[in-house]
Structure formats: structure tokens, C-alpha cells
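For reference, the structure is listed below as C-alpha cells.
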Amino acid sequence: MRAYLLIVTKPGTSEELVRDLRSSGRTEGLVQADSVYGRFDAIAVLEAPSIERISEIVYRIVEKHPAIVHTETAICLF
């Protein structure tokens, strides 16, 4: 199962967040993280065997980083 975590950060902190996510290497299920322009400041690609695991990964990422203001999760349909 794949999901996109769309992230809004505090101003000026999206690069720090993406750097932290990429370097952590310990976030199981995190496939990719990028800073983007537009409505959201960063997008993370998540993969896991179930929606429950996706949920756990999202909460682990969000609770870890104080720069995150808001998230939306888009779950892919296969």
C-alpha cells in the first residue's frame, strides 16, 4: 500500500524537515521525502503492507518533528 503525506511546515523549516526525514533512515516505510512549491511545503511517500501501518508511520513522523503544522494523507488506490 502506498500513501502520500502532504505536509505544511512552519515558515522556513521545510528543508530542515526533509533533511531530517531523509537522514533518519530509521523511519520504516518512508520511501522518499521532498520539499515542494505550492499549497504544501513537503511531500513524503510512504509504503506499508496495511492502512494501519501507514497510520502508525504518519503519527511517528508527525509527532517527531515540531516544524510540522498540518498534514493530509492521500492513500493510493490500486
Summed over the other residues with a beta carbon less than 10 angstrom from that of V8, with K and R at +1 and D and E at -1, the charge totals 0
Using only Cα atoms, find the angle between the long axis of helix 51-64 and the longest principal axis of the chain, and express it within 0 to 90 degrees, rounded to the nearest 10. 20 degrees
Could you pull out the trypsin sites (Lys or Arg not before Pro) across the chain that fall in loop regions by DSSP (anything but H, G, I, E, B) with no more than 13 other Cβ atoms inside 10 Å? R26, R39
For n ≥ 4 DSSP H runs only, could you compute -39500 (n - 2.57) per run for the chain, divide by its residues and tell me the 222 nm figure to the nearest 500? -10000 deg cm²/dmol
Under-5 Å amide H pairs with A33, H placed in peptide plane, nonlocal only: V45
Using only Cα atoms, find the angle between the long axis of helix 14-24 and the longest principal axis of the chain, and express it within 0 to 90 degrees, rounded to the nearest 10. 50 degrees
Which option, (1) 20, 58, 21, 1; (2) 18, 50, 24, 8, 1; (3) 13, 22, 17, 15, 12, 14, 6, is the value of P(r) over Cα pairs in 10 Å bins from 0, in percent that was calculated from these coordinates? (1)
Average Cα contact separation per residue, the range 2-75, under 8 Å, 6 or more apart, as relative contact order %: 49 percent
Top positive-direction residue, dipole computed over the range 21-78 with Cβ charges, set I51, T73, Q32: Q32
Simple label model, 7 Å out from Cα along Cβ direction - E16 to D34, nm: 2.4 nm
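Read-outs throughout are calculated quantities, based only on the coordinates presented, and are distinct from any laboratory measurement. Please read these numbers as outputs of a predicted model, since none were measured by experiment. Cβ sites come from the backbone with ideal geometry, for glycine too, and all protein chains shown count toward neighbours.
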